[in-house]
Amino acid sequence: MRNDKDNLIVDLTFKFSLAIIQYCEELEANKKYVIARQLLKSGTSIGANVHEAQNAESKADFIHKFKLAAKEADETMYWLALCKQAPTYPDTGLLHSDLESIGRILSKIISSSKN
């Protein structure tokens, strides 16, 4: 059964997904469709995996979902780095630093769940 108490990582990844959607809409407005699609998929998948982990069937399933979220975060970091370095792309704003924070929390959850 789902626990609907406040959950920091669920909240952070949901807010990050909303920010990614907004940034990708800006990319699409600038006709940067390929990167927008890749970034939208990986950036929103982080929160989807974290959300799914809340209903994990076992501890191993919980860890697996968080590892998937961490992999998606790593891919998203790659796309954001490309956007940041590409001279014709809009500013990534706080997305990079927000994602670094999310990545640290994901790593901590994974490592503490293994013990």
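Which members of segment 82-107 meet the condition of being farther than 15 Å from residue 32 by Cβ and either assigned to a loop (DSSP other than H, G, I, E, B) or hydrophobic (A, V, I, L, M, F, W, C) (or both)?
Across segment 82-107, the qualifying residues are 93, 94, 99, 102, 105, 106.
Within the set of pairs 6 or more residues apart or between chains, which connect a residue that is without any contact (Cβ under 8 Å) to a residue 12 or more places away in the chain inside segment 19-34 to a residue that is assigned to a helix (DSSP H, G or I) and surrounded by 11 or more Cβ atoms within 10 Å (Cβ to Cβ) with Cβ atoms less than 6 Å apart?
28/36
Is there any pair with a first residue in segment 102-115 that is under 9 Å from residue 70 (Cα atoms) and a second that is acidic (Asp, Glu) whose Cβ atoms are under 8 Å apart and which are 6 or more apart or on different chains, and what are they?
Final answer for the pair search is 103/74.
Examine segment 20-30 for a residue that is modelled with pLDDT of 95 or more, part of a helix (DSSP H, G or I), surrounded by fewer than 18 Cβ atoms within 10 Å (Cβ to Cβ) and touching a Phe, Trp or Tyr at 6+ places or on another chain (Cβ under 8 Å), and state whether such a residue exists.
no
Hey, does segment 45-68 have a residue that's without any contact (Cβ under 8 Å) to a residue 60 or more places away in the chain, surrounded by 17 or more Cβ atoms within 10 Å (Cβ to Cβ) and part of a loop (DSSP other than H, G, I, E, B)?
Scanning segment 45-68 turns up no residue that is without any contact (Cβ under 8 Å) to a residue 60 or more places away in the chain, surrounded by 17 or more Cβ atoms within 10 Å (Cβ to Cβ) and part of a loop (DSSP other than H, G, I, E, B).
Given the criterion of a type in the set (Gly, Ala, Ser), at pLDDT 95 or above and in contact with an Asp or Glu (Cβ under 7 Å, 6 or more places away or on another chain), identify the matching residue among 36, 70.
36 is the lone residue from the list that is of a type in the set (Gly, Ala, Ser), at pLDDT 95 or above and in contact with an Asp or Glu (Cβ under 7 Å, 6 or more places away or on another chain).
The values are calculated or read from the model by the stated rules, or taken from the named source; none is laboratory data. Just so it is clear, the structure is predicted and the values come from calculations on it, not from any experiment. Methodologically, a virtual Cβ is constructed for each residue, glycine included, from the backbone with ideal geometry; neighbour enumeration extends over all protein chains shown.
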